[in-house]
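Step one of this worksheet: look at the structure below.
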Amino acid sequence: MPQLAGRPLARAVIRGLLLAFGGAIRNVRGLGHVLPARDPFILALNHSTKLEALFLPAFLLHVREGKALHFIADWNFKLVPGIAGIYRSGDVITLDRKPARPRFLNLLRPLLTDRVPAFTCAAERLAAGASVGIFPEGTTNRDPRRLLRGFHGAAKLSLQANVPVVPAGLRFPRHTDAARIPELAPMEIEFGEPLAPPAERDLSAAAVRAWHARLMGEIARRSGKTWSNERKAHD
């Protein structure tokens, strides 16, 4: 990881994460679509387990030779001892949205979040030529068959910044018939070809919804799940 040569702690953290969790990744396809030569882009992928938010950024840092792909991740993870250091090592963008439980932990929010809103920070990284990773579902979804409707943040950011989106899918072949996907289940990752946003740069609500639907459909195809824009009970 040449780009982390001057950051020995970050190198150690990334290697530790890969040693601990990297064995869950059994197969990867389309890796060339997320290498530094393709920057800037937005990586959009499904989110099935909590630990993905830790070892996927570490895996991508490794294959990108230390050049960060800046994931947007929830601030609640920083309440877990040691996670704040991992976030710093992976140059993660902190999303300040969900309240903590129990509620008194929200007193720590100002200490664990950035003053700049997450998507503003993400737009700045894209403008500087870096890439950003987003889980559009917005939360862990352990359903092996269906994606959540998701949030429009990745679609809107792509349209605003005029950068392509790389849709990716995490598959869990051993758990297609399970009730829930467990942590550290063996996975396969497929990175799709970059999708350029519509040329007209339409930022209306209807255009954002349509672009979001296109992205979620591609994520569904690569993750082996289905996606619907209709509200479900588990949304």
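The number of residues in the range 157-188 being in contact with a strand residue (DSSP E or B) (Cβ under 7 Å, 6 or more places away or on another chain) and assigned to a helix (DSSP H, G or I) comes to 3. Note on the range 99-143: residues that are closer than 24 Å to Val13 by Cβ, modelled with pLDDT under 95 and either among the charged types (D, E, K, R) or in contact with a Gly (Cβ under 8 Å, 6 or more places away or on another chain) (or both) total 2. The residue that is nearest to the chain's Cα centre (by Cα), among those in the range 100-144 that are among the small types (Gly, Ala, Ser), assigned to a loop (DSSP other than H, G, I, E, B) and within 20 Å of Ala53 (Cα to Cα), is Gly138. Of the residues making up the range 189-231, those that are in contact with a strand residue (DSSP E or B) (Cβ under 7 Å, 6 or more places away or on another chain), among the charged types (D, E, K, R) and in a loop (DSSP other than H, G, I, E, B) number 1.
Restricting to the range 181-211, give me the number of residues that are crowded, with 16+ Cβ neighbours inside 10 Å, more than 21 Å from Phe55 (Cβ to Cβ) and not β-branched (Val, Ile, Thr). The qualifying residues number 5.
Taking each residue of the range 203-227 that is over 15 Å from Pro136 (Cα atoms) and looking for partners that are among the basic types (Lys, Arg) and assigned to a helix (DSSP H, G or I) with beta-carbon atoms closer than 8 Å, six or more apart or interchain, yields Leu203/Lys156. Scanning the range 128-145 for residues that are among the hydrophobic types (A, V, I, L, M, F, W, C) and touching a helix residue (DSSP H, G or I) at 6+ places or on another chain (Cβ under 7 Å) gives Val132, Ile134.
In this entry, Arg214 passes the filter for residues that are surrounded by fewer than 17 Cβ atoms within 10 Å (Cβ to Cβ), of a type in the set (Lys, Arg) and either in contact with a helix residue (DSSP H, G or I) (Cβ under 9 Å, 6 or more places away or on another chain) or modelled with pLDDT of 95 or more (or both). Could you tell me which residue of the range 146-175 is farthest from Asn46 (Cα to Cα), considering only residues that are of a type in the set (D, E, K, R) and modelled with pLDDT of 95 or more? Per the stated criteria, the residue is Lys156. Picking from residues in the range 35-94 that are among the acidic types (Asp, Glu) and at positive phi, the one that is surrounded by the most Cβ atoms within 10 Å (Cβ to Cβ) is Asp91. Residue count for the range 127-156 under the criterion of being surrounded by fewer than 22 Cβ atoms within 10 Å (Cβ to Cβ), farther than 29 Å from Pro182 by Cβ and not charged (D, E, K, R): the result is 5. Of all the residues in the range 62-118, those that are within 26 Å of Gly129 (Cα to Cα), of a type in the set (Val, Ile, Thr) and either free of Cβ contacts under 8 Å to residues at least 60 places away in the same chain or in contact with a His (Cβ under 7 Å, 6 or more places away or on another chain) (or both) number 6.
The values are calculated or read from the model by the stated rules, or taken from the named source; none is laboratory data. This one's a predicted model, so the numbers in the text were calculated from it and none came from an experiment. Backbone-built Cβ (ideal geometry, glycine too); neighbour counts: all protein chains shown.
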